[in-house]
Amino acid sequence: MPNKLFRALALSLIAAAAAVTGVVAQTRTVTDEEVTKVHRSTLLIDSHNDITSFTVDGLDIGKPAPKNMTDIPRLRQGGVGAVFLSIYVAARYTEGNHSANRALQMIDTARHDIIDAHPNDFVFATTADQIEEAHKRGKIAGLMGIEGGHAIEDSLRLLRDYYKLGVRYMTLTWSNTNNWADSSGDIDKPGVQRHNGLTPFGKDVVREMNRLGMMVDISHVADKTFWDALEVSKAPLIASHSACRALANVPRNMTDEMIVALAKKGGVVQMNFYCEFLTTEKPAHATLADVVNHIDHVGKIAGIDAVGIGSDFDGIECAPQGLDDVSKFPNLTRALLEKGYTASDIRKIYGGNLLRVMRAAEAASDKTGK
């Protein structure tokens, strides 16, 4: 067999194998200079970071925090341009109706302990334009997203108040089913009152989020809740911190059908870095390569415009080797370049796609009245 024909056949077999596995074959060697150049050209937006769960108890992220995954020195080292600080409300706060109180405390720690306390590094942002403006000024844009729809205590009035305080997305559920939406976290628990997705009030919540311009986040929700939200929402949805069920078969991850449907409506899957959502092989520890595999998979089935980054740093016990804190994002840039992703692809994954969805949510809003 002639050498050229042999090489062509080998390349086609490699490409076919990559297509089957969802992994892009490594195509080239990348220099440190190229990694630095490409990484600096991005506006890296992490759509889900839980460091607020520690600052609310007194942690100062202005100082090195080696027991955590996030602090300002490492955010700078990692080239993070914007971060959605999680307004996480644990399920236990539903007892005695303390969810709103906790949400307000979490909003305060995001605004006061992180953004206002570190004005040389952070600036508060609520729009896509403000994210870009902060980046031009060399600042990290600090935004907020509520994690757990029970935080609104079944009140559209509270939802509107949260928006006025700066919240720009809400995860419809956490791991607990609330009074109006089913969660993926308790599908096997006995005694849980299920709703078959969204209740009529739950659909009103989605509609009001659209009206406000607040992004609808379907991470943590049950599959039927996802489909209901997709049908009701007139704006694209986000999965602020999820991964692919085809590669790690856990209920928190999204099926291929869900990912494709989300993408067709303009939405984006923000990749979660939790080990157990990246690989279910025990006792294997997830690696940087597993993150790339999930990005590859979404890109293969739904297109590059459907992928983003939602690390879940400081909300997870285990992060991938090589991507285990906010300083390590350049390692992901290198891995993506080695896999054949272009600088334009990486800029979309790191922030461009989420900015597009955010602008779509802003455009769909109608604050002139109910």
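We did not get these values from a lab; they are worked out from the coordinates using the rules stated. What you are looking at is a predicted structure, and each value in this text was computed from that prediction instead of being measured. Note: ideal-geometry Cβ built from the backbone for every residue, glycine included; neighbour counts use all protein chains shown.
Could you list, by residue number, the cysteines of the chain that have no other cysteine's beta carbon within less than 4.7 Å of their beta carbon?
Cys244 - these cysteines have no disulfide-compatible partner (Cβ-Cβ under 4.7 Å) in the chain.
Can you put Leu43, Leu278, Leu337 in order, fewest other beta carbons within 10 Å first?
Details: Leu43 20, Leu278 30, Leu337 23.
Taking fewest neighbouring Cβ atoms as first place, the list is Leu43, Leu337, Leu278.
Would you pull out the residues with amide H under 5 Å of Val307's amide H, same chain only if 5 or more places away, H placed 1.01 Å from N?
The list, which skips near neighbours in sequence, is Val269.
Please sort 122-129, 140-147 by packing, taking for each peptide the average over its residues of neighbouring beta carbons within 10 angstrom, highest first. Mind showing how you got there, number by number?
Values: 122-129: 20.0, 140-147: 25.8.
Most protected by this proxy first, the peptides run 140-147, 122-129.
What is the Cα centroid distance between region 214-277 and region 286-341, reported in whole angstrom?
16 Å
Classify region 36-364 as rounded, prolate or oblate from the Cα gyration tensor: take a ≥ b ≥ c as the square roots of its eigenvalues, call it rounded if a/c is under 1.5, otherwise prolate when a/b beats b/c and oblate if not.
Rounded.
What order do you get for Thr171, Thr42, Thr36 when you list them from fewest to most C-beta neighbours inside 10 Å?
Lowest count first: Thr36, Thr42, Thr171.
Does region 210-299 classify as rounded, prolate or oblate by the C-alpha gyration tensor (a ≥ b ≥ c root eigenvalues; a/c under 1.5 gives rounded; else a/b over b/c gives prolate, otherwise oblate)?
Note, shape of region 210-299 comes out prolate.
Place +1 on the Cβ of every Lys and Arg and -1 on the Cβ of every Asp and Glu in region 36-364, take the dipole about the Cα centre, and give the residue among Phe84, Ala335, His195 whose Cα lies farthest towards its positive end.
The residue sitting farthest along the positive end of the dipole is Ala335.
For Ser240, what charge total do you get from the other residues with a beta carbon under 14 Å from its beta carbon, if Lys and Arg give +1 and Asp and Glu give -1?
Spelling it out: positives minus negatives among the neighbours equals -3.
Would you order Cys275, Cys244 from fewest to most other beta-carbon atoms within 10 Å of each residue's own beta-carbon?
Cys275, Cys244
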